[in-house]
Amino acid sequence: MNEMWPGVIDTTQLSGTHVAAVNRMSDAAKSGTWGEVVEIINSSSWISANQWRIEGRSWFAPLHQAAWHGAPVEVASRLIELGGWRSLRDAEGKRPIDIAEERGHTHLREVLAVADPTPVEQLRYAAWDQHLSELIASRTQLMDPVAIRPVQTEVIVAENLDLLSFLYPGMYGGFTMSVHRLRLFVESSSRVAGGSGQAHVITEGGCVLVEEGFV
């Protein structure tokens, strides 16, 4: 499964139509208007069930809001069917299951269940996140700055994703990430710059360039 990381949190880099649609979905999720949330996700190829309010501070996606409200199990199930990640963390590092448990919504325990990372895995994901953020900063340092939410690499493993892609504004390309043998593989390129492709392998110990010059 190939998924997109909706990491751009700079409205100046996105179309007004897209920002308005995301705001409508976020407002609907905040008010518990689940039919409208589902309709907006279904009607757009660019708005996923993992989209948070672009300039918001909580980073609540619809599944977090469902957990906060104590929505019916059917609502949470539908959001997951639409691609919602149970392992996605908000700005405080909480997953939907964590929010549901805090608010006593035990009826959502089963549908939102996701394995807790072990201490070793927590350290691994934190290192991957840091090295990936540094790589993205390095690869885009000559471009105009863009506010982004760092990629949460944990979701690649927890959601069993084949690829997680992040399109970077102005790059006319971006980054694709996958996990193999406890290593994070990252390819990055720009469609307008021939031979711009680079491949890196990220481990807890650092980030290593393993191939370049493709695309």
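Readers should treat all values here as calculations from the given coordinates under stated rules, not as data from a laboratory. Since the model is a prediction, treat every value here as computed from it, not as a measurement. Here the Cβ is made from the backbone with ideal geometry for all residues, glycine too, and neighbour counts use every protein chain on show.
Given a Förster distance of 35 angstrom, what is the FRET efficiency for residue 162 paired with residue 209, based on the Cβ-Cβ distance and rounded to 0.05? Intermediate values should be presented prior to the final figure.
Numbers: r = 23 Å, r/R0 = 0.65.
Calculated value: 0.95.
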Residue 184: net charge of surrounding residues, Cβ under 13 Å, Lys/Arg +1, Asp/Glu -1, itself excluded? -3
Through the Karplus equation 6.51 cos²θ - 1.76 cosθ + 1.60, θ set to phi - 60°, convert the phi angles of the range 117-123 into ³J(HN,Hα) values in whole Hz; use x for Gly and Pro. x, 6, x, 5, 5, 4, 5
Can you tell me the orientation of helix 16-31 relative to the chain, as the angle in degrees between its alpha-carbon axis and the longest Cα principal axis, to the nearest 10? 40
Under the rule rounded for a/c under 1.5, else prolate if a/b exceeds b/c, else oblate, using alpha carbon gyration tensor axes a ≥ b ≥ c, the range 11-108 is classed as prolate
Here the range 119-214 gives, from Cα atoms, an Rg and Dmax in Å of 13.0, 42
CD proxy at 222 nm, helix term only [per DSSP H run n ≥ 4: -39500 (n - 2.57); per residue of the chain; nearest 500]: -10500 deg cm²/dmol
Stretch gain in nm, segment residue 33-residue 141, where the contour uses 0.36 nm per residue and the Cα spacing is subtracted: 34.8 nm
Percentage of Cα-Cα pair distances in the chain greater than 25 Å, rounded to whole percent? 40
Theoretical FRET efficiency, 1/(1+(r/R0)^6), r = Cβ-Cβ of residue 73 and residue 118, R0 25 Å, to 0.05: 0.35
Under the definition of Cα pairs under 8 Å and six or more residues apart, what whole-number percent is the relative contact order of the chain? 18
Given the options 43, 87, 188, state which has the largest fluctuation in a GNM of the chain using a 10 Å cut-off (strictly under) for Cα springs. 43
Which residue fluctuates most in the GNM of the chain (Cα springs below 10 Å): 88, 63, 14? 14
Under 8 Å for C-alpha pairs, at least 6 residues apart: give me the relative contact order for the range 119-214, rounded to a whole percent. 22
Most fluctuating residue of 186, 120, 157 in a GNM of the chain with Cα springs under 10 Å: which is it? 120
Kindly express, to the nearest 10 degrees and within the range 0 to 90, the angle between helix 34-43's C-alpha long axis and the longest C-alpha principal axis of the chain. 30
So, R0 is 41 Å and r is the distance between the beta-carbons of residue 19 and residue 181; what FRET efficiency does that work out to, to 0.05? 0.55
In percent, what relative contact order does the range 132-181 have, based on Cα pairs under 8 Å that are 6 or more apart in sequence? 27
